[in-house]
Amino acid sequence: MQEFFDNVSRYPRYLISFTLGILYGVVEPLLPLLKRPSTAIALVGAVIAGFLFISFTLRAMLGLAGS
């Protein structure tokens, strides 16, 4: 039974490692774009626009009332 709990206790560590690896893989190629002000502004604008798109889409799909 102890082996079972040892095995189950590894899953949160795996989830954290997996999530950080994906985040690093996505962010690392974008870092050079932040060195120039024009591309940095475009990148920040794209991130904000993507967040707003997902937010508005989920609100519409879930039928949440907007004010």
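No lab work stands behind these numbers, since they all come straight from the coordinates. This structure is a prediction, so every number in the text was calculated from the model and none was measured.
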Checklist outcome for this item: Calculating percent of Cα pairs over 19 Å apart from this structure picks out, from (1) 33; (2) 63; (3) 20, entry (2)
Checklist outcome for this item: HN-Hα couplings for the range 12-25 via Karplus (6.51, -1.76, 1.60; θ = phi - 60°), in whole Hz with x for Gly/Pro, come out as x, 5, 5, 4, 5, 5, 5, 5, 5, x, 5, 4, 5, x
Next on the checklist: At 0.36 nm per residue, and after removing the present C-alpha to C-alpha distance, how many nm does the segment from I54 to L20 gain when stretched out fully?
Outcome noted: 10.1 nm
